[in-house]
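Each remark here refers to the structure printed beneath this line.
The values are calculated or read from the model by the stated rules, or taken from the named source; none is laboratory data. From a predicted model like this one, the values you see are computed outputs, not experimental measurements. Here the Cβ is made from the backbone with ideal geometry for all residues, glycine too, and neighbour counts use every protein chain on show.
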Amino acid sequence: MLVLLLSVSRPSQAQQRLLTIDDIYDPETRVNFSGTLPAGLEWIDDTRLVWSRSEGDGVGWFAVDAASGSERPLFDAARMQAALERVGVAPEEARGAARSRDLSFDGRYAEALAVIADDLYLYEFVSDRAVRLTNTPEIEEHVAFSPDGQSVAFVRGHNLFAVDVATGRERALTSDGAPRILNGKLDWVYEEEIYGRGLNRAYWWSPDSSAIAFLRIDDRPVPRFSVVDDIPYDQTVEQWDYPQAGDPNPLVTLAVVQVAEGAARTIDTNQYPPEDRLIVAVSWTPDSRQVVYLVQNRVQSFVDMLAADLATLSSRTLVHETSKHFIDPDDAKPPIWLKDGSFLWLSARSGWKHLYRFDAGGTLVKQITSGAWELRTLHGIDESAGRVYFSGTERSHIGGDVYRVQLDGTGLQRISAQPGTHAATFNRAFTHYVDTWSDVSTPPQMRLHRSDGTEVRTLAENRVEAFSAYKLGPPEFLQVTTRDGFPMEAMMIKPPGFDPARRYPVYQFTYGGPHSPRVLNAWRGSEFMYHQLLAQRDIIVWICDNRTASGKGAESVWPLFRRFGDVEMRDIEDGIAWLKRQTYVDAARIGMHGWSYGGYLTSYALTHSTSFVMGIAGGTVSDWRNYDSIYTERYLGLPDENAAGYRDSSPRWFAKDLHGALLLLHGAIDDNVHVANTMQFAYELQKAQKPFEMMLYPKSRHGVTEPLLAKHLRETMLAFTLRYLTPPAGSDGTSAGHR
């Protein structure tokens with residue numbers, strides 16, 4: 001075991017206050033431990049930034065001179081409100097729009113789009129003019145300016161539209177949209193598993209603003225899943241197009257349409273059978289002459305990059321990459337083009353995500369970065385200087401730094417200095433970037449840097465004085481080696497005033513899902529403060545990332561191919577074995593908690609191990625046949641081809657082996673991991689005569705976010721944890737049924 005880092009935040013003699021659930025979660029009295037940073041930060045040009053800041057019951061938008069820090073309103077909210085009222089918007093709605101954080105801006109930050117009562121309104125800052133762009137009873141959604149700012153695209157009634165900003169002329173770009181045929185809009189599974197939660201727009205403007213490429217998603221073959229809200233007197237029943245593992249997927253095609261005139265044309269992708277085709281990324285070449293797209297098969301064992309000529313719609317394959325395991329769509333992003341027609345592309349073909357350069361025809365020229373670390377975010381290229389800027393884990397697998405490297409692969413340079421996690425936002429010229437930095441004990445701070453890493457000034461120090469009032473335990477980062485030599489990253493928070501002569505119970509927090517580490521040298525907000533609360537109750541908090549969750553390259557995830565739970569459990573047990581060898585650990589009082597994949601692993605651990613006296617499983621996948629096709633089949637394959645792998649991976653079928661006290665938690669209208677998972681597991685536990693506890697949260701989806709319910713959730717978790725990990729003197733903390 002190697003101790004890697006001790007937090008520098010150590011409580012002083014005066015820090016005597018203990019945390020409460022109210023301090024962290026009560027909507028009226030909670031303490032803002034994360035501080036407040038400006039939001040929505042972007043570069044207006046190479047010298048000016050834009051961001052928003054909370055002001056009263058809304059936000060204000062500001063233009064900021066990056067070098068000096070001088071700040072002025074991006075626009076006058078009162079004037080925008082008055083302009084909207086002049087075109088018929090009610091005063092309260094106009095006021096809310098002018099102070100909204102959901103405004104969309106053109107590329108010059110000279111105009112703003114607001115959605116008011118389901119219609120679009122444009123406000124021009126200089127002319128102080130508001131224009132109503134749409135006037136229909138239907139909703140306009142997924143709004144985006146064209147690159148030149150002269151048009152606005154949106155989706156209405158599942159069809160794609162564009163409106164000319166100057167004339168107000170509106171044009172329907174598609175006409176076949178229907179509740180289960182989506183043009184320019186992602187369905188549930190494509191948003192969740194491919195393009196990213198919250199990124200529901202499925203169309204892409206060409207750089208010259210003349211055309212739009214878009215996805216047409218046909219969900220008619222997909223089974224529907226019902227989610228019921230029982231709180232209204234008349235139940236609300238939602239119908240979700242949700243393909244479970246083995247079900248038909250949506251049929252997705254790629255099309256392109258000229259905004260000014262002409263019908264949408266479909267790009268021929270019929271070399272891939274419709275039922276075995278995923279379109280996982282779409283972009284354009286810089287000259288707007290080709291649509292570039294990435295295709296995977298259903299089980300994601302290959303990815304192809306293709307370019308379709310806009311004139312002929314004929315496609316050519318640029319790159320074909322295969323894996324004997326799987327290729328995560330997150331590792332298959334659009335390329336970045338150079339002036340000579342060559343391009344840069346991220347690939348995990350080596351087992352670690354790195355950057356490669358290909359010529360215009362798709363022939364590999366050079367691997368630019370390499371090593372047992374990951375390039376996580378490609379920021380872009382300063383081609384005049386021949387440099388690529390990116391963020392990655394070369395220094396630390398639990399942090400993140402900003403780097404630059406020459407296009408020929410030489411001169412790799414880390415330009416961020418302080419250990420922790422850095423997120424960079426570069427200007428277009430790559431002369432400066434804004435660095436948002438945090439570490440495990442420090443909420444995010446924001447600084448301006450030159451492209452060589454030199455700090456220019458602090459933009460937002462975000463100092464949180466509230467910490468000085470509390471007695472906190474310093475987190476320790478460690479490595480624990482598994483039985484076969486894999487170094488697992490771990491973090492421990494010991495109780496303040498830790499006494500090595502005592503024996504403490506342990507609370508293990510886990511997620512454990514593929515490529516999703518939880519041991520991070522980064523600020524974790526209320527999660528971190530809740531763990532501090534537990535430590536103050538004389539409980540050691542333990543987080544140990546099993547190899548498949550470690551973020552240490554695609555190669556670390558491959559071992560779970562065709563079977564969940566088994567590899568993860570071996571690593572978890574190795575971490576527990578290390579804990580039990582520590583003289584200060586009470587081996588009989590170890591508990592576990594996780595949500596989503598962490599809820600799954602907690603359920604799996606309590607049905608496959610005797611190491612845990614208790615477990616709290618939230619949002620559990622109890623049977624992988626219940627979960628969505630794109631995620632599940634990537635790892636387990638098709639159910640018909642791996643029936644044993646599905647069954648052996650699912651805690652539902654091992655309910656009779658439950659060992660330890662179990663608390664099941666679930667959002668009652670979870671549209672992601674359906675509450676059916678918990679109900680099915682509960683049914684099997686009951687048939688096996690196994691006692692357990694369960695708490696459902698009405699009107700909550702995959703996360704319990706309603707403030708009072710979130711507080712209730714944490715109170716419930718805390719009470720259960722204290723009951724089994726810190727029982728009253730003279731009690732063994734478990735009933736006979738939990739043995």
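Need the failing condition index for residue 339 against (1) buried (at least 18 other Cβ atoms within 10 Å of the Cβ); (2) at pLDDT 95 or above, just the number.
Every listed condition holds for residue 339 apart from (1).
Would you pick out the residues in the range 404-422 that are of a type outside the set (Ser, Thr, Tyr), closer than 23 Å to residue 516 by Cα and buried (at least 20 other Cβ atoms within 10 Å of the Cβ)?
Result: 420, 422.
Give the residues of the range 265-283 that are in contact (Cβ under 8 Å) with a residue 40 or more places away in the chain, part of a loop (DSSP other than H, G, I, E, B) and surrounded by fewer than 20 Cβ atoms within 10 Å (Cβ to Cβ), sorted by residue number.
If the condition is that a residue be in contact (Cβ under 8 Å) with a residue 40 or more places away in the chain, part of a loop (DSSP other than H, G, I, E, B) and surrounded by fewer than 20 Cβ atoms within 10 Å (Cβ to Cβ), then 268, 269 are the ones that fit.
Exactly one of (1) part of a strand (DSSP E or B); (2) surrounded by 19 or more Cβ atoms within 10 Å (Cβ to Cβ); (3) not aliphatic (A, V, I, L, M) is unmet by residue 193. Its number?
Here residue 193 meets the rest and fails (1).
Quick one: in the range 316-333, of everything that is at pLDDT below 95 and not acidic (Asp, Glu), which residue is farthest from residue 210 (Cα to Cα)?
329
Any residue in the range 342-363 that's within 15 Å of residue 305 (Cα to Cα): show its pairings with residues that are of a type in the set (D, E, K, R) and at pLDDT below 95 at Cβ separation under 8 Å, as long as the two are six or more apart or on different chains.
Every condition considered, the pairs that remain are 345/333; 346/331; 346/333; 347/331; 348/331.
Just for the range 218-248: of the residues that are in contact with a helix residue (DSSP H, G or I) (Cβ under 8 Å, 6 or more places away or on another chain) and charged (D, E, K, R), which one is nearest to residue 626 (Cα to Cα)?
Among those residues, the one meeting the criterion is 247.
Return a yes/no flag: does the range 300-317 have any residue that is outside any strand (DSSP E or B) and either assigned by TED's automatic domain parsing to the domain that holds residue 640 or within 29 Å of the chain's Cα centre (by Cα) (or both).
For the range 300-317, residues outside any strand (DSSP E or B) and either assigned by TED's automatic domain parsing to the domain that holds residue 640 or within 29 Å of the chain's Cα centre (by Cα) (or both): present.
Does residue 212 satisfy the condition of being surrounded by 20 or more Cβ atoms within 10 Å (Cβ to Cβ) and either in a strand (DSSP E or B) or assigned by TED's automatic domain parsing to the domain that holds residue 697 (or both)?
yes
Looking at (1) out of contact with any helix residue (DSSP H, G or I) (no Cβ under 6 Å at 6 or more places or on another chain); (2) surrounded by fewer than 22 Cβ atoms within 10 Å (Cβ to Cβ), which is the only condition residue 401 fails?
(2)
Please pick out the residue among 371, 341, 351, 380 that is closer than 25 Å to residue 563 by Cβ and either in contact with a Phe, Trp or Tyr (Cβ under 9 Å, 6 or more places away or on another chain) or not assigned by TED's automatic domain parsing to the domain that holds residue 451 (or both).
351
Being in contact with a helix residue (DSSP H, G or I) (Cβ under 6 Å, 6 or more places away or on another chain) and not charged (D, E, K, R) narrows it down to one of 189, 163, so name that one.
Answer to the check: 189.
Looking at the range 103-149 only, could you name the residues that are under 27 Å from the mean Cα position of the chain (by Cα), in a strand (DSSP E or B) and among the charged types (D, E, K, R)?
141
Name the residue that is farthest from residue 132 (Cα to Cα), counting only residues in the range 56-65 that are out of contact with any Ser or Thr (no Cβ under 6 Å at 6 or more places or on another chain) and surrounded by 12 or more Cβ atoms within 10 Å (Cβ to Cβ).
65
Kindly indicate the residue of the range 326-336 that is closer than 17 Å to residue 380 by Cα and crowded, with 21+ Cβ neighbours inside 10 Å and also farthest from the chain's Cα centre (by Cα) among those meeting that condition.
Ranking the candidates gives 335 first.
I'd like the full set of residues that are among the charged types (D, E, K, R), farther than 14 Å from residue 87 by Cα and surrounded by 14 or more Cβ atoms within 10 Å (Cβ to Cβ), limited to the range 106-155.
Residues satisfying the conditions are 106, 111, 140, 141, 148.
Could you figure out which of (1) closer than 26 Å to residue 555 by Cα; (2) surrounded by 15 or more Cβ atoms within 10 Å (Cβ to Cβ); (3) touching a helix residue (DSSP H, G or I) at 6+ places or on another chain (Cβ under 8 Å) isn't true of residue 491?
Every listed condition holds for residue 491 apart from (3).
List the number of the failed condition for residue 437; all other conditions in (1) over 19 Å from residue 521 (Cα atoms); (2) of a type in the set (A, V, I, L, M, F, W, C); (3) surrounded by 18 or more Cβ atoms within 10 Å (Cβ to Cβ) hold.
Among (1) over 19 Å from residue 521 (Cα atoms); (2) of a type in the set (A, V, I, L, M, F, W, C); (3) surrounded by 18 or more Cβ atoms within 10 Å (Cβ to Cβ), residue 437 violates only (1).
Looking only at the range 556-575, how many residues end up being within 21 Å of residue 617 (Cβ to Cβ) and either small (Gly, Ala, Ser) or in a strand (DSSP E or B) (or both)?
So the answer is 2.
Which residue pairs have Cβ atoms closer than 8 Å, lie 6 or more positions apart in sequence or on different chains, and pair a first residue in the range 399-423 that is in contact (Cβ under 8 Å) with a residue 60 or more places away in the chain with a second residue that is among the acidic types (Asp, Glu) and in a strand (DSSP E or B)?
Going by the 8 Å Cβ cut-off, the qualifying pairs are 399/439; 419/439; 420/439; 421/439.
Which is crowded, with 19+ Cβ neighbours inside 10 Å, under 26 Å from residue 296 (Cα atoms) and in contact (Cβ under 8 Å) with a residue 24 or more places away in the chain, of 618, 637, 591?
Answer to the check: 637.
Would the range 397-420 turn up any residue that is over 24 Å from residue 195 (Cα atoms), touching a Ser or Thr at 6+ places or on another chain (Cβ under 8 Å) and of a type in the set (S, T, N, Q)?
Looking through the range 397-420, none of the residues is over 24 Å from residue 195 (Cα atoms), touching a Ser or Thr at 6+ places or on another chain (Cβ under 8 Å) and of a type in the set (S, T, N, Q).
Do any helices (runs of 4 or more DSSP H) lying entirely in the range 576-656 carry at least 2 residues that are of a type in the set (S, T, N, Q), and which ones are they?
Result: 597-608, 629-636.
Any chance the range 511-530 includes a residue that's over 24 Å from the mean Cα position of the chain (by Cα) and touching a residue at least 40 places away in the same chain (Cβ under 8 Å)?
no
Restricting to the range 235-264, what's the tally of residues that are farther than 30 Å from residue 636 by Cβ, touching a residue at least 24 places away in the same chain (Cβ under 8 Å) and aliphatic (A, V, I, L, M)?
Matching residues across the range 235-264 total 6.
Please give the number of the condition residue 454 fails out of (1) without any contact (Cβ under 8 Å) to a residue 60 or more places away in the chain; (2) under 30 Å from residue 48 (Cα atoms); (3) surrounded by 19 or more Cβ atoms within 10 Å (Cβ to Cβ).
(3)
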